[in-house]
Every structure is written in C-alpha cells, then in structure tokens.
Amino acid sequence: MQISHSEQINATLEILWILLLDKVQHPDTTIKEITHVEVLQKYDDGILRQMHALGMTIRERITIDEQNKIIRFDLIENSMFTGYFINKVEGSDEKLTLIYEQNWIPITPQAMELETKFPQILIKGVQEMKELAEKQ
C-alpha cells in the first residue's frame, strides 16, 4: 500500500532537518509503536537499523540525501513486507513541507491485516514531528 501525508511546518530548515536526522537513530521519539531500536552498522551515507513495531522486527537500510533533504528507509529481509519509506522536506524556511511516504507491499495475509494501521501511524508521525519542530 502506498500512502503519504504532508504538513506545513513553521520552523527553519536547519531545525527540521536536525530532528529528522535524530529520528533515524531514535524513531521512537515520534512514533510510539516503535520499541527496541538498534543501529547495526554505519555507512558514509546512512545506517543499517533494526527495531520492533507492531509485533514484527523491522530491519532497514537508511540512506540520507543531505543535498535533496530526503531520507529513504529500505526494508531488508522482512518476512511480511517489501518496500520503502521516505521522509522529505520541500520548500525553504517559513514555507517548509514535511512529507512522509510509505510504500510497503504485504507478502503475507497477516501483513495485509497489519497494513490497515499504517495510515494513522504515518499521519501521527508527521504531526508529532511538526509539533516537535515548531516548539524549537
């Protein structure tokens, strides 16, 4: 299922980008369903991360594109889904748009049941980041 949500953010690009980079290693700050986050490996352009959410283990290769303000989370060796998640910032200071896009394709019947929860989690994640950025 491909879903996305965006919000206008009243913060500087620098503040929002710093928060998004922090979310790479601490996603549980804005997405409450996530537990036990572990960085498995670091690369020049990102990390390999493992975490638990909704009863499954999620391993992601995260690529950070600083120039275009895009962070891409590719699922690795997942038994229930294939796909990716993107965080991106468009615009400039005082006219920023934060976009979360999730494109996870279920590969099991159990995954199809789980994916009904994704839209609300995604919307809440964007709103939590917006609130955090606008408090700075």
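The values are calculated or read from the model by the stated rules, or taken from the named source; none is laboratory data. Keep in mind that what you see is a predicted model, and the values were worked out from it rather than measured. We place every Cβ from the backbone using ideal geometry, glycine too, and count neighbours over all the protein chains shown.
A few comments on the model shown:
- Failed item in (1) modelled with pLDDT under 95; (2) buried (at least 17 other Cβ atoms within 10 Å of the Cβ), with Met129 passing the rest: (1)
- The listed residues are Leu132, Leu122, and the only one of them that is under 14 Å from His5 (Cβ atoms) and either assigned to a helix (DSSP H, G or I) or out of contact with any Ser or Thr (no Cβ under 6 Å at 6 or more places or on another chain) (or both) turns out to be Leu122.
- Filtered residues of the range 12-35 (kept if more than 13 Å from the chain's Cα centre (by Cα) and farther than 18 Å from Asn68 by Cα): Thr35
- Residue match in the range 65-74 (condition: surrounded by 15 or more Cβ atoms within 10 Å (Cβ to Cβ), farther than 18 Å from Met129 by Cα and touching a strand residue (DSSP E or B) at 6+ places or on another chain (Cβ under 8 Å)): yes
- Unique residue being over 11 Å from the mean Cα position of the chain (by Cα), in contact (Cβ under 8 Å) with a residue 40 or more places away in the chain and surrounded by fewer than 13 Cβ atoms within 10 Å (Cβ to Cβ) when the list is Glu94, Glu38, Glu7: Glu94
- Any pair with Cβ under 6 angstrom, 6 or more apart, that starts in the range 103-116 at a residue that is surrounded by 14 or more Cβ atoms within 10 Å (Cβ to Cβ) and among the hydrophobic types (A, V, I, L, M, F, W, C) and ends at one that is modelled with pLDDT under 95 and outside any strand (DSSP E or B): Leu114/Leu54
- In the range 41-54, residue surrounded by the fewest Cβ atoms within 10 Å (Cβ to Cβ) [restricted to those that are touching a residue at least 24 places away in the same chain (Cβ under 8 Å) and under 25 Å from Gln120 (Cα atoms)]: Leu54
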